[in-house]
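The values are calculated or read from the model by the stated rules, or taken from the named source; none is laboratory data. If you're wondering where the values come from, they're calculated on a predicted model, not measured in any experiment. So basically every Cβ, Gly included, is an ideal-geometry build from the backbone, and we count neighbours across all protein chains shown.
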Amino acid sequence: MRTLYISALICLLTLSGKGNPGNGDLVLLQSLKGSWLFSIGINEEWISPKFNDSGWESIKVPSPWEDQGFNGYNGYACYRKKLTIPSLYKGRMLYLNMGYIDDVDEVYLNGHKIGSTGNFPPDYSTAYNAERVYYIPEEYISFDASNLIAVKVYDSYDRGGIVSGELGLYGGKTTVNFDINLQGAWKFMPGDDPRRKESDFNDSMWDEIFVPAKWEDQRYRDYDGYAWYRKSFVWTGNNADEKMVIMMGKIDDIDQVFINGTFVGSTGYFPDKGRELANSGQEYDAFRGYYIPAGLLKKGQKNVIAVRVLDTGGAGGIYEGPVGIISQARYIEYWRKLKKTGN
């Protein structure tokens with residue numbers, strides 16, 4: 001691992017132990033198994049909380065829709081369910097686990113898209129064997145009130161719908177007190193171009209992809225090779241002498257991270273300048289935490305993170321969190337608390 005602040009980072013990573021915060025580190029807060037409202041067909045109005053679904057069928061979830069009166073149906077359908085999220089969960093990282101969906105889905109909370117897996121027609125590709133775990137941005141939640149989950153599904157053949165899994169509202173075992181939470185939608189483009197690290201690079205035509213999640217589950221099935229992620233945010237500022245860390249979760253396989261065009265850290269070695277790819281093969285399982293040099297973040301202005309990734313086979317991308325910017329003090333506190341859980 002290379003970084004601009006090696007001694008501090010080694011100290012920080014030593015605290016992390018083996019407790020990497022993947023899906024196994026989530027705890028069930030509220031089950032979503034049971035009765036959902038359901039309709040075959042497609043209509044963009046159906047994702048809105050204001051839509052009147054009083055005439056819809058009731059269907060058991062999880063279970064293929066073929067087993068509940070829709071035998072032989074292939075095509076689009078939509079599920080809807082309301083849930084109340086207590087205010088005691090404020091400040092906690094929350095996720096929807098939607099289990100396994102056959103074949104393609106988009107999931108919305110209160111009309112806001114929070115994740116998708118597979119590709120809808122005309123560029124159809126199935127993702128029936130991928131577990132759907134989607135981060136919920138807190139600004140999308142109405143605490144102590146009704147929240148509407150809408151799930152748009154496409155099934156190409158055989159069984160369809162939300163077919164299995166441990167559906168529910170989940171929370172992280174340990175709260176991550178980010179200064180900037182970077183989980184959610186990023187810009188994404190396959191290929192490699194060093195200009196993509198620059199803050200003024202034009203990414204307006206890039207695709208949207210969700211982080212953390214494998215890119216194979218988001219339009220790029222079977223893609224191996226180079227790709228770049230970019231995300232913009234406004235930095236609200238911190239104490240001038242406060243050390244900051246960017247947490248990039250787990251990336252498959254190797255990465256370089258830039259903030260405002262400046263390199264801040266990497267894991268693994270790219271085959272650049274005639275050097276062959278020669279890594280341990282375990283980089284995909286390493287948690288990324290990189291020190292941010294003082295003065296690099298521009299207060300009150302747009303800042304840009306660019307992440308160069310090389311996937312050498314299998315799954316690819318920023319596939320596991322947490323992902324965000326945090327002070328060094330809270331970073332250490334987070335890992336100490338997580339280690340106490342015994343993970």
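Looking at Thr174 and the list (1) under 23 Å from His112 (Cα atoms); (2) hydroxyl-bearing (Ser, Thr, Tyr); (3) in contact with a Lys or Arg (Cβ under 8 Å, 6 or more places away or on another chain), which single condition is not satisfied? Of the numbered conditions (1) under 23 Å from His112 (Cα atoms); (2) hydroxyl-bearing (Ser, Thr, Tyr); (3) in contact with a Lys or Arg (Cβ under 8 Å, 6 or more places away or on another chain), the odd one out for Thr174 is (1). Scanning region 149-199 for residues that are aliphatic (A, V, I, L, M), part of a strand (DSSP E or B) and over 19 Å from Tyr220 (Cβ atoms) yields Ile149, Ala150, Val151, Val153, Ile162, Val163, Leu169, Ile180. With the structure loaded, tell me whether Lys250 is surrounded by fewer than 20 Cβ atoms within 10 Å (Cβ to Cβ) and either not aromatic (Phe, Trp, Tyr) or not assigned by TED's automatic domain parsing to the domain that holds Gly295 (or both) or whether it fails that test. In short, no. Among the residues making up region 10-36, those that are in a strand (DSSP E or B) and at pLDDT below 95 are Leu26, Val27.
Checked against (1) under 30 Å from Phe258 (Cα atoms); (2) touching a residue at least 60 places away in the same chain (Cβ under 8 Å); (3) of a type in the set (Ser, Thr, Tyr); (4) surrounded by fewer than 22 Cβ atoms within 10 Å (Cβ to Cβ), Ser204 passes all but condition (2). For region 207-261, the strands (runs of 3 or more DSSP E) that sit wholly inside it and include 1 or more residues that are touching a residue at least 60 places away in the same chain (Cβ under 8 Å) and more than 26 Å from Tyr284 (Cβ to Cβ) are 225-234.
Evaluate the following for Glu106: is it of a type outside the set (Val, Ile, Thr), part of a helix (DSSP H, G or I) and at pLDDT 90 or above? Taking the combined requirement at face value, the residue does not satisfy it. Taking residues in region 57-68 that are among the hydrophobic types (A, V, I, L, M, F, W, C), and partners anywhere that are not in a strand (DSSP E or B), the pairs with Cβ atoms closer than 6 Å and at least 6 places apart or on different chains are Ile59/Gln68; Trp65/Gly160.
Residues in region 157-164 include at least one that is of a type in the set (Val, Ile, Thr), within 19 Å of Asp105 (Cα to Cα), in the same structural domain as Lys50 (by TED's automatic domain parsing) and touching a Pro at 6+ places or on another chain (Cβ under 8 Å).
For the criterion of being in the same structural domain as Ser164 (by TED's automatic domain parsing), surrounded by fewer than 19 Cβ atoms within 10 Å (Cβ to Cβ) and assigned to a strand (DSSP E or B), Lys50 fails. Of Ser7, Ser39, all but one fail to be over 23 Å from the mean Cα position of the chain (by Cα), at pLDDT 95 or above and either not assigned by TED's automatic domain parsing to the domain that holds Ser280 or not in a loop (DSSP other than H, G, I, E, B) (or both); the exception is Ser39. Filtered by the rule that a residue be under 17 Å from the mean Cα position of the chain (by Cα) and either over 23 Å from Val176 (Cβ atoms) or buried (at least 22 other Cβ atoms within 10 Å of the Cβ) (or both), region 136-150 gives a lone residue, Ile136.
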